[in-house]
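The next block holds one structure in the form of structure tokens; read it before the comments.
Here, each number is a calculation from the coordinates, and none is a lab measurement. Fair warning: this is a prediction, and the values are worked out from it, not measured in the lab. FYI the Cβ positions are ideal-geometry reconstructions off the backbone, even for glycines, and counts take in every protein chain you see.
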Amino acid sequence: SRNFWTVATAVSAGCAFCVKFTALSVLGWIGFITYLAIYSEKEPIGLLRCLVAAIISAIVFCIPFYVHIQLSQKSGESDWNIDPEYQRLLIGHQLYDENAVAPFFPIHLV
């Protein structure tokens, strides 16, 4: 039962953070409750379980962005908001270069 709730919390946290960066308050609340549970529960949540939950959250957070970046191949109205290195990959953009190499995915998340 505890494994289910750990995974459910991790997936929910990843989804909340994906929606908007203001969801950091939700992640902070989850962290605060976890911190309190360490001292108030008979069987506290282990550090490994927290680490697994954080990894699951990070994966859930990255999936929509990975899909979005893979599907976005044409230029559009919001190109001004994208770094020039990625603009070179967009078909129809003035900086388009068909020989350009896509940057490593995690760089987009920074």
Handout entry: Charge-dipole axis of the chain as Lys and Arg at +1 and Asp and Glu at -1 on Cβ define it, positive-most pick from 56, 32, 68
Key = 32
Handout entry: Proximal charge balance of residue 74 [Cβ under 14 Å; K/R count +1, D/E count -1]
Key = -2
Fill in the blank from the handout: With R₀ set to 22 angstrom, the calculated FRET efficiency between the beta-carbons of residue 1 and residue 39, to the nearest 0.05, is 0.55
Exercise for the section: Grab the eigenvalues of the alpha-carbon gyration tensor for the chain, scale each by 5, take roots, and send me the semi-axes largest first in whole angstrom. Expected result: 39, 13, 10
Problem - trypsin sites (Lys or Arg not before Pro) restricted to the range 1-71 and DSSP loop, no more than 10 other C-beta within 10 Å - result: 20, 42
Problem - Length released on extending from residue 81 to residue 99, taking residue separation times 0.36 nm less the Cα-Cα span - result: 4.3 nm
